[in-house]
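The values are calculated or read from the model by the stated rules, or taken from the named source; none is laboratory data. A quick note: this is a predicted structure, and the numbers were derived from the prediction, not measured. No Cβ is skipped: glycine too gets one built from the backbone with ideal geometry, and neighbour counts run over all protein chains shown. With ligands, DNA and RNA removed, areas are computed over all heavy atoms of the protein, side chains included. Shrake-Rupley method; radii C 1.70, N 1.55, O 1.52, S 1.80 Å.
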Amino acid sequence: MEKHKTPSVMMIFRIILIIMASIDIMGQSPSSIPIKAAFIIGLVILHLNDIYRNYYQLYEKNRIIYYISMSVSIIAIGLYVIQFDNIPLNIYFIFPIVEIFIYRPTIQIGLVILHIFMFVIGMFALKAGIQQALIPYLALMALIYLVRSNSREREKGNLLNAELMEANAKLKEITIIKERTRIAQELHDSIGHALIALKMHLEFADNMMDSNPEKSKDVMKKALVISQTSITNLRKAVDVLKDNQAWKDKVKLRDSIEDLIDSLQTAGRLQFELFFDDTVEFASRDIQNGIFETVREAITNGIKHGNARTFHIDIFVNEKKALVKVEDDGEGCTDIKKSHGLRGMEERIHLLRGSIQFVSAKGHGFAVEAEIPFVTNVE
């Protein structure tokens, strides 16, 4: 059983009070020595009662015994004050109030009333005046209450600090998870597209190696350019993860998309139709980045999963919204299963407070349609 230990300083103070009170009791007359000894023993018992009450945490363990113990202490100490009226006993009389106000989570009104009642009885029994007894008593009660209030505020502050530290730890954990997701998405978008482009060029070069070596060499050179560009894009992706630097070089969105299309065109095997509203160039960098990544992933998804050969890309502004639509002539599907790429598009558009939908039917291609609130570039 967990026990509450009385602080050593308070224990020493109690012992000093008992010794001083005992000396005063022994010096008073006309009681006999046995009677005085009985009073001293009673005082020690009261002290042991206080220790027992706190040591065994009666307030938490057995509330009824706690009330009985506290009531005995208040009444008995009050009677001692009436009988002997010395300074140590008057100080000892304050101990129950300190315990009620300082060491308990809630103020026990019944015990406070009992303490006031015993004080009033003692004040009349000793014929003490208002200035001599009542005002100091009320002032002391107010002081103890202020100490309690200050202690509770400090505890609330400590609790709030602990909650803030816990919230901060959770926030850091969430931030780390989001950053990992962001890294995965950046690598998927950047490297995934490049690998598909390289695969297409290398397959074409392999097929043309015997029949048209010169054309094969041209495609191989283009594949080399794509690999070099991929290394640059990978570095940009790393910059994005560091400080979003990839879109701070003022590259136009149209140029980026045209470069993207050019990297995928191999001897006319893929056909692209691009409609681009130049108003989109005034959108914020976050929106432009979101549009570019959505177009890139839509094309990559169409080639990889739908074997698409033709893409219609529409990017324009209408009614304060940036609209993006990418349609392909791929195989299509009746049941759209959201891969990592589709989920990445959704997350990216939703972060921009936009909406996105995927439309497909078996044998009728695949379409990605997104709407993003248009915010101008404030850089």
(request) Starting with the highest mean, order 134-142, 75-83 by the number of other Cβ atoms within 10 Å, averaged over the residues of each peptide. (result) 75-83, 134-142
(request) With a point put 7 Å past each Cα toward its Cβ, work out how far residue 15 is from residue 195 in nm, to one decimal. (result) 7.7
(message) Which chymotrypsin sites (Phe, Trp or Tyr not before Pro) in the stretch 16-63 sit in a loop by DSSP (not H, G, I, E or B) and have at most 15 other Cβ atoms within 10 Å of their own Cβ?
(response) none
(request) Could you name the aspartates and glutamates whose alpha carbon sits less than 18 Å from that of residue 217, not counting residues in the same chain fewer than 8 places away? (result) 203, 206, 262
(message) With +1 assigned to the C-beta of every Lys and Arg and -1 to the C-beta of every Asp and Glu, and no other charges, what is the dipole magnitude of the stretch 1-133 about the Cα centre in debye, to the nearest 20?
(response) 180
(request) Show me 66-72, 365-371 ranked by packing, highest mean number of other Cβ atoms within 10 Å first. (result) 365-371, 66-72
(request) For residue 156 and residue 285, calculate 0.36 nm times their separation in residues minus their Cα-Cα distance, and state this gained length in nm to one decimal. (result) 42.0 nm
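From the protein chains alone at 1.4 Å, what is the descending order of accessible area for 350, 47, largest first? Spell out each step's value before the answer.
Working: 350 105, 47 15 Å².
The ordering from most to least exposed comes out as 350, 47.
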(message) Given the options 105, 45, 22, identify the residue whose Cα lies farthest towards the positive end of the charge dipole of the stretch 1-135 (+1 on Cβ of Lys, Arg; -1 on Cβ of Asp, Glu).
(response) 105
(message) As a quick test, which of the pairs 321/362; 304/337; 170/338; 338/362 have an alpha carbon distance above 19 angstrom in this structure?
(response) 321/362; 170/338
(message) Within 14 Å, Cβ to Cβ, of residue 163, how many net charges do the neighbouring residues add up to if Lys/Arg are +1 and Asp/Glu are -1?
(response) 0
(request) For the stretch 306-379 and the stretch 69-100, compute the distance between their C-alpha centroids and round to whole Å. (result) 81
(request) Using only the Cα atoms of the stretch 1-105, build the gyration tensor, take square roots of its eigenvalues as a ≥ b ≥ c, and label the shape rounded, prolate or oblate: rounded if a/c is under 1.5, else prolate if a/b is larger than b/c, else oblate. (result) prolate
